[in-house]
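Remarks on the structure that follows.
The values are calculated or read from the model by the stated rules, or taken from the named source; none is laboratory data. All figures in this text were calculated on a predicted structure; none of them were measured in a lab. Note that we place each Cβ from the backbone using ideal geometry, even for glycine, and neighbour counts take in every protein chain shown. Quick note on the areas: whole protein, heavy atoms, side chains included, nothing else; ligands and nucleic acids left out. Shrake-Rupley method; radii C 1.70, N 1.55, O 1.52, S 1.80 Å.
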Amino acid sequence: ILSVFFCVLLGSIALGQVVPPISAFIGAKTSIVPMLAVIDRQPEIDGMSSEGKTIDNVKGDISLKTVDFSYPSRPNINVCNQYSLDIKAGETVALVGASGAGKSTIINLLLRFYDVQSGAVMLDGTNVKDLNIQWLRSQIGLVSQEPILFSGSIADNIGYGLGPDHSLSTAGRMERIEEAARLANAAEFITGFPKGYDTDVGTGGISLSGGQKQRIAIARALVKKP
């Protein structure tokens, strides 16, 4: 009787301990469904594609020809309606307009974050759809209105712009980072920190001011010499 009693008691305790892991397992199964949907999704624009051609000597003429475009989330609202724009190499151009007028959209189309519904976006007379997408994005330096910094040091955040360039030594990589910081007018405040370029920016750059984050983002864009 005692043996049966203790067996039932221990079995009951074990069953009670099984419940929390089972609920965690069920929660994990529920969570993995949207994750797998993202992993298995085939994007219309493959940013890692090796297909497409490159231009040997980029001049920098940009042209949008009668572009029609609407975002996938709002297909009924035309952001660009037969929009045309010509920017010659060496020109400095400001796109001015109210919020939602499509200023950032032009940059998104040039970098092929989205493709036009009709018309064409051209670089030196070549449709950007025909160009290798990794090569195209390597030619352009972009600093957005709200720069994103990653956890790590200032040197790491600027160095991300170089990508996996294995031809550079550690000293050569650091030299490029410091050069970009000087060009971005960031070297002065960086060297003012006790740890200099090894200063941790914190999650999302929380340790830095808005202006400092912006200048580090500019240095990150300049370091690859786009």
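Below is a table of values for the structure above.
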quantity	calculated
Options SER153, SER167, SER118: the member that is farther than 23 Å from LYS195 by Cα, touching a residue at least 24 places away in the same chain (Cβ under 8 Å) and among the hydroxyl-bearing types (Ser, Thr, Tyr)	SER118
Subset of segment 73-94 (residues that are hydrophobic (A, V, I, L, M, F, W, C) and surrounded by 13 or more Cβ atoms within 10 Å (Cβ to Cβ))	VAL79, CYS80, LEU85, ILE87
Total residues in segment 71-102, condition of a type in the set (D, E, K, R) and modelled with pLDDT under 90	1
Residue within segment 216-223 that is free of Cβ contacts under 8 Å to residues at least 24 places away in the same chain and within 28 Å of THR54 (Cα to Cα) present	no
Identity of the residue in segment 118-133, over 28 Å from SER99 (Cβ atoms) and either touching a strand residue (DSSP E or B) at 6+ places or on another chain (Cβ under 9 Å) or among the small types (Gly, Ala, Ser) (or both), that ends up surrounded by the fewest Cβ atoms within 10 Å (Cβ to Cβ)	GLY125
When residues of segment 149-174 are limited to those that are touching a helix residue (DSSP H, G or I) at 6+ places or on another chain (Cβ under 8 Å) and of a type in the set (D, E, K, R), the one most open to solvent (accessible area, probe 1.4 Å)	ARG173
Breaking point among (1) touching a strand residue (DSSP E or B) at 6+ places or on another chain (Cβ under 8 Å); (2) farther than 30 Å from LEU85 by Cα; (3) open to solvent by less than 70 Å² (accessible area, probe 1.4 Å); (4) not aliphatic (A, V, I, L, M), for GLY196	(1)
Counted residues, segment 32-53 - those being over 30 Å from ASP130 (Cβ atoms) and either open to solvent by less than 90 Å² (accessible area, probe 1.4 Å) or in contact (Cβ under 8 Å) with a residue 60 or more places away in the chain (or both)	4
Qualifying position, being closer than 27 Å to ILE87 by Cβ, crowded, with 19+ Cβ neighbours inside 10 Å, touching a residue at least 24 places away in the same chain (Cβ under 8 Å) and out of contact with any strand residue (DSSP E or B) (no Cβ under 6 Å at 6 or more places or on another chain), among LEU136, LEU208	LEU136
Residue identified as in a strand (DSSP E or B) and either touching a residue at least 12 places away in the same chain (Cβ under 8 Å) or farther than 23 Å from LEU123 by Cβ (or both) among LYS59, LYS29, LYS65	LYS65
